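To keep things clear, I will list the structure first and then write my remarks on it.
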Amino acid sequence: MRSRRSVLAVPGSSPRFLEKAQTLPVDEVFLDLEDSVAPLAKEEARGNIVTALREGDWTGKTRVVRVNDLTTQWTYRDVIEVVEGAGAYLDCVMLPKVQDPTEVVWLDTLLTQIEKTMGYEPGRIGIEAQIENARGLVNVDAIAGSSRRLETLVFGPADFMASVGMRTLVVGEQPPGYEGDAYHYILMRLLMAARTHDLQVIDGPYLQIKDVEGFRRVARRSAALGFDGKWVLHPSQVEAANEVFSPAQEDYDHAELILEAYEYYTTVEKRGAVMLGDEMIDEASRKMALVVAAKGRAAGLSRTKTFTP
Ligand code: GLV
Ligand code: MG
């Protein structure tokens, strides 16, 4: 499982940002050909991205390129130019505004053909699917199961809010006049579809880049539900994303302790439900602990407590 706590958006039209991105401690970068790149700059951006992938130092980061969506004229050339030019230096292709599983199947097939032509390892390049309109959300189960290359679903709040007519211009914040959480259904829907198909699920951008507290607040909402990470648009958001989407040290220690204690009691003592301090643990506790421990290990945490029977 790749760590995707912080996913940095980098406009492919900006050599300066492509350079700067390499220095930031993010888990993933996506080099963008879509909405952060003006129509007249798209062709040049493809070349910038190929060069940045081939010549840059992306050590420790998952490398992704976001192509244009399938209603445009650009998608096929985006994929062909970037993957033929730098496929060996690329981990995933992100497809935006996915509305239907056939779109992902199209990308999967094109990637397979390019892999064969170029002699790349078959099936290595993954897909990230952005869900950013009503139709995409209604079809999200089928989309999530549409390709073995799929690694993650990604919520696109800005496009989504526009598509459904939600009455706020502040992306990720609640529309005034509504008492509940306007995002709860959407986030849960994505989470259920993703987990049904063993995918990760990533929250999208928070555009008020000066308001780091606002970013944290919105990030905590999706992190609490179980999301794996969130986009970051500016260096100021990176640390907050890495922190919010890593388990707390205390929770990580606790999870490792549960795993160790459970292993000891079920094998050495052959008991299935046992006490660990004041808490009863069983097979379901082990499963919850596995999730937290995996996230903690992926985040580079180390243990500060050990188990003694
Ligand atoms: C991201 O692509 C968004 O639309 O929020
Ligand atoms: Mg979008």
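Taking the stated definitions as given, is Tyr185 among the hydroxyl-bearing types (Ser, Thr, Tyr) and without any contact (Cβ under 8 Å) to a residue 12 or more places away in the chain? Before the answer, list the steps.
On the way: among the hydroxyl-bearing types (Ser, Thr, Tyr): yes; without any contact (Cβ under 8 Å) to a residue 12 or more places away in the chain: yes.
Taking the combined requirement at face value, the residue satisfies it.
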Has region 135-146 got at least one residue that is crowded, with 21+ Cβ neighbours inside 10 Å, away from ligand 1 (no atom under 13 Å from the Cβ), assigned to a loop (DSSP other than H, G, I, E, B) and of a type outside the set (Val, Ile, Thr)? yes
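Residue check: is Tyr183 aromatic (Phe, Trp, Tyr) and more than 20 Å from Trp231 (Cα to Cα)?
Against the criterion (aromatic (Phe, Trp, Tyr) and more than 20 Å from Trp231 (Cα to Cα)), Tyr183 does not qualify.
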Within region 174-192, is there a residue that is among the acidic types (Asp, Glu), more than 15 Å from ligand 2 (Cβ to nearest atom) and at pLDDT 95 or above? no
Which count do you get for residues in region 260-278 that are on the phi > 0 side of the Ramachandran plot and of a type in the set (Gly, Ala, Ser)? 1
Here the residues within region 17-46 that are hydrophobic (A, V, I, L, M, F, W, C) and outside any helix (DSSP H, G or I) are Leu24, Val26, Val29, Phe30, Leu31, Leu33, Val37, Ala38
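Restricting the search to region 1-56, which residues are among the acidic types (Asp, Glu), away from ligand 1 (no atom under 15 Å from the Cβ) and within 19 Å of Leu70 (Cα to Cα)? First the steps, then the outcome.
From region 1-56, those among the acidic types (Asp, Glu) are 19, 27-28, 32, 34-35, 43-44, 55; that's our starting set.
Checking which are away from ligand 1 (no atom under 15 Å from the Cβ) leaves us with 19, 27, 43-44, 55.
If the condition is that a residue be among the acidic types (Asp, Glu), away from ligand 1 (no atom under 15 Å from the Cβ) and within 19 Å of Leu70 (Cα to Cα), then Glu43 is the only one that fits.
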Considering only region 286-299, how many residues are open to solvent by less than 60 Å² (accessible area, probe 1.4 Å) and under 16 Å from Ser6 (Cα atoms)? 4
Output the qualifying pairs, or none if there are none: Cβ atoms under 7 angstrom, residues six or more apart or on different chains, first residue in region 103-116 and under 15 Å from Gly145 (Cβ atoms) and part of a helix (DSSP H, G or I), second residue modelled with pLDDT of 95 or more and open to solvent by 30 Å² or more (accessible area, probe 1.4 Å). Glu103/Leu70
Ala158, sole failed condition from (1) open to solvent by 20 Å² or more (accessible area, probe 1.4 Å); (2) away from ligand 1 (no atom under 16 Å from the Cβ): (2)
Which of (1) modelled with pLDDT under 90; (2) open to solvent by less than 70 Å² (accessible area, probe 1.4 Å) does Met275 not meet, given it meets every other one? (2)
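The values are calculated or read from the model by the stated rules, or taken from the named source; none is laboratory data. Remember, predicted model here, so these are calculated numbers, not experimental data. Because the Cβ atoms are built from the backbone with ideal geometry, glycine has one as well, and the counts that use them run over all protein chains shown. Please note that ligands, DNA and RNA were not included when accessible areas were found on the heavy atoms of the full protein model with its side chains. Shrake-Rupley method; radii C 1.70, N 1.55, O 1.52, S 1.80 Å.
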